[in-house]
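S.K.: Input: one structure, supplied below.
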Amino acid sequence: MRAGKLCVNDDGRVEVKMNYKPVMTGISRLDKILGGLRPGTLNVISGRPGMGKTSLALSIAIKAAKNRDKAVLYYSLEAARTEIVRKLLVSELLYDHESGNCESIKTILNGFENLPIYVDDCLNLTPDLLYEKYDALVADNVDIGLVIVDYLQLFSYSKNCPELVPASFLEKNMLSIAEITEAASVHALKMLALKHKIPVVVLSHCTKKADYRKNHIPELEDIRCELLRQEADSVMFLVSPVGCYDDLRSRDDSILFVAKNRFGESDMAVNIEWDKRSESFVDNPGKFSFDYFNENASNRFALWTAILVAQYPGDKMRNPFFIYGKSGHGKTHLLKAIGNYIVEKYPEKKVVYITSEAYTNEFIDCIVKKEYADFREHYRTTDVFLFDDVQYLVGKEGIRTEFYNTFQTLLGDGKQIVISSDRAPKELELDSELVSLFQSGVLIEI
């Protein structure tokens, strides 16, 4: 099957018209990076337990079932069908907890009943049985457009598993029964995708190695199964920014990190938001981004400088970057936009956003708990330090000293520092040395 053909429009432009229709996940930035879930591809969603992989997969299943005229086949190897259906239903019912009223509940229920999602909760699924169940649905004239498997490590062994593993892979690896089962399942899923020209999504656990990295982002090597790393067309890691990017995002936000993409860019981060009401992930294009900043003549220079800081963090020409102005003029937005851009563009960098109030409380808490060394290590090893509302350090001598030493250390190491305040440095009642550091970089009023 040819992927597409070249066509010349009336205006002379050349475009590629695709012969296939990908399954869109409903996450706009992810769909842009991957080009949707393409037919014949094996796509992996990985992460540590409790990150929300099942919820994300169900969100994709609902979007796919709504937006296409084909069915979604969901294999649940862990949770019972009733639990999966409950999660699907809850994600569809937009319940208003404050007023106690459901929005068009009858309409929603009717629509949910007609969603072409088939849930199979076989807890002893083998690669052979996977094929049998798929073929049985096809024989019943079910037109399947997407298969989701939750999750890989729960496949059961069968006597045919060694035959499903590529011989070359078996010859060079000494595999346990569990590893043979996993490899056989990966190969079966890839063959299912290729044979029926459908995208397959498989959920998988990963190791704890990311917990010991500075940016906490998993890498391909964190997936134990070598064959899965090889066969996968895309690999996405679902991670929480808590403890990683501090208050840069809401605690209800997560990151979907694209570690492998056979058809385009990889090492890209995608923001997704956890909706507590629907118990599902929703698209979050990034409200704190440069695209969402309300640009006008009075803040244009600050915006342009912020973009350059984000593109070239640590550049001596714009380090430190000090933004000041009245409350509500967009200082916090610019700080978070800088952080979000760097997290996506340079995922290996450690980014910390914090307000002076939170910094103060954390400092006091670490002194009480005798964890000062950890506090100092955390802030003095960051690559990008975004400090909001520095004016509230006035009158707090001990914390100011710690902040000054951290500032000097980071600046000396060439790390990017961005500070916001409600007034210019010279108007702050702070130590002259600290004010001098603020004034050593770029100062812009907004």
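S.K.: What value, in deg cm²/dmol to 500, does the helix sum -39500 (n - 2.57) over DSSP H runs of n ≥ 4 give at 222 nm once divided by the residues of the chain?
M.R.: -11000 deg cm²/dmol
S.K.: Given a 1.4 Å probe and every protein chain left where it sits, what share in percent of the accessible area of region 138-240 is carbon and sulfur?
M.R.: 52
S.K.: Calculate, in nm to one decimal, what residue 197 and residue 364 gain on full extension: separation in residues at 0.36 nm each, minus their alpha carbon distance.
M.R.: Using 0.36 nm per residue and subtracting the Cα-Cα distance, I get 54.3 nm.
S.K.: Protein chains only, probe 1.4 Å: how do 268, 317, 191, 174 rank by accessible area, largest first?
M.R.: 174, 317, 191, 268
S.K.: In addition: In Å², what does the accessible area per residue of the chain work out to with a 1.4 Å probe?
M.R.: Result: 48 Å² of accessible area for each residue.
S.K.: Leaving ligands, DNA and RNA out of it, rank 257, 301 by accessible area with a 1.4 Å probe, largest first.
M.R.: Ranked list, largest accessible area first: 301, 257.
S.K.: Among 51, 142, 386, which residue has its Cα positioned farthest towards the positive end of the charge dipole of the chain, with +1 placed on the Cβ of Lys and Arg, -1 on the Cβ of Asp and Glu, and the dipole taken about the Cα centre?
M.R.: Projecting each Cα onto the dipole axis, the largest value belongs to 142.
S.K.: Now for a different question. Taking the Cβ-Cβ separation of residue 263 and residue 404 as r and a Förster radius of 35 Å, what is the calculated FRET efficiency to the nearest 0.05?
M.R.: 0.10
S.K.: Which lysines, on any chain, are close to residue 316 with Cα under 23 Å apart, when same-chain ones fewer than 8 places away are left out?
M.R.: List returned: 331, 336, 345, 349, 350, 415, 426.
S.K.: Which of the following values of log10 I(q)/I(0) by the Debye sum over Cα atoms at q = 0.08, 0.12, 0.13 Å⁻¹ was calculated from the structure shown: (1) -0.45, -1.02, -1.21; (2) -0.56, -1.24, -1.39; (3) -0.57, -1.06, -1.15?
M.R.: Given (1) -0.45, -1.02, -1.21; (2) -0.56, -1.24, -1.39; (3) -0.57, -1.06, -1.15, the calculated one carries the label (3).
S.K.: What is the spin-label model distance, in nm, from residue 289 to residue 79 if the labels are put 7 Å beyond Cα along the C-beta direction?
M.R.: So the two model labels end up 2.8 nm from each other.
S.K.: How many percent of the accessible area of region 307-446 is carbon or sulfur, using a 1.4 Å probe?
M.R.: Looking at region 307-446 in its full context, I get 46 percent from C and S.
S.K.: Okay, next question. Could you give the nm distance between label points at residue 123 and residue 143, where each point is 7 Å from its Cα heading toward the beta carbon?
M.R.: Rounded to a tenth, the inter-label distance reads 3.6 nm.
S.K.: Give me the accessible area of residue 413, 1.4 Å probe, in Å² rounded to the nearest 10.
M.R.: The value for residue 413 is about 90 Å².
S.K.: Sticking with this one: For the pair residue 371/residue 312, report the inter-label distance in nm, with labels modelled 7 Å from Cα in the Cβ direction.
M.R.: The answer from the label model is 3.9 nm.
S.K.: Could I ask something else about it? Stretched out fully, how many nm does the piece from residue 113 to residue 163 gain, at 0.36 nm a residue minus the Cα gap?
M.R.: Result: 14.0 nm gained on full extension.
S.K.: Keeping all protein chains in the complex and leaving out DNA, RNA and ligands, what accessible area do you get for residue 432 with a 1.4 Å probe, in Å² to the nearest 10?
M.R.: About 80 Å², rounded to the nearest 10.
S.K.: Sticking with this structure for a sec: Calculate, in nm to one decimal, what residue 136 and residue 86 gain on full extension: separation in residues at 0.36 nm each, minus their alpha carbon distance.
M.R.: Length gained, residue 136 through residue 86: 15.5 nm.
S.K.: For the pair residue 209 and residue 380, what calculated FRET efficiency results from E = 1/(1 + (r/R0)^6), where r is the Cβ-Cβ distance and R0 = 30 Å, to the nearest 0.05?
M.R.: 0.80
S.K.: Something else about it: Just report the Cα centroid separation between region 318-333 and region 116-134, whole Å.
M.R.: 55
The values are calculated or read from the model by the stated rules, or taken from the named source; none is laboratory data. The shown structure was predicted, so the numbers you read here are calculated from the model rather than taken from an experiment. Because the Cβ atoms are built from the backbone with ideal geometry, glycine has one as well, and the counts that use them run over all protein chains shown. To get the accessible areas, we keep the full protein, side chains included, count just its heavy atoms, and leave off ligands, DNA and RNA. Shrake-Rupley method; radii C 1.70, N 1.55, O 1.52, S 1.80 Å.
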